[in-house]
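Each reported figure results from applying straightforward, stated rules to the coordinates on display, with no laboratory input. In this text, all values refer to a predicted model and were calculated from it rather than measured experimentally. Here Cβ is always computed from backbone atoms with ideal geometry, including for glycine, and neighbour counts include all displayed protein chains.
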Amino acid sequence: MTNPARPDKAAQPRRHPGVERYLQNRAGDWQARLADAITAFAGSMPFVYVHVVGFVGWMLVAESEPWPTLTLVVSLEAIFLSTFVMIGQNRQAAVQQAKADHDFVEQELELKVNTQLTREIHALIEQTMLPRDAGRPELDQAD
């Protein structure tokens, strides 16, 4: 039996509905999935280790100084990696926008509901504040 106060460790946390819709739309685009995979790898320590080994090997074995081809390769890689960084930033901005759009719609709906409830409460208060005999002309004429 599970304790409701302690969530199951295997249970996944719920995602924001706006983010969930964004990710579902993005999952259908192979270019977006490829960019996400490259960005995820480029931002990891294995990426660093591969480059350290590759650069050291290149400098010691492949070329003598001053490593002109290595300089070209590193420059091109930097250009592409900066592009992937911008793609990641654009993705984050799109996620934040999806969340903001969803939250705006939800807050507008909540505002409308709260406004309607406030009007109904006001009308009920006005009805209960009327004198009991108000609105009964036969009693008004007796005075």
Q.
Using 0.36 nm times the number of residues separating ASP103 and ARG21, minus their current alpha carbon distance, what extension gain do you get?
A. 28.2 nm
**Q.** Theoretical gain in end-to-end length, THR115 to ASP29 [0.36 nm per residue, Cα-Cα removed]
**A.** 26.8 nm
**Q.** Net +/- balance of residues flanking LEU70 in space, Cβ distance below 13 Å, scoring K and R +1, D and E -1
**A.** -3
Q: Working from the alpha-carbon coordinates of region 17-103, get Rg over Rh, Rh being the Kirkwood radius.
A: 1.17
Q | Per-residue Cβ neighbour rank within 10 angstrom, fewest leading, VAL113, VAL61, VAL74 | A | VAL61, VAL113, VAL74
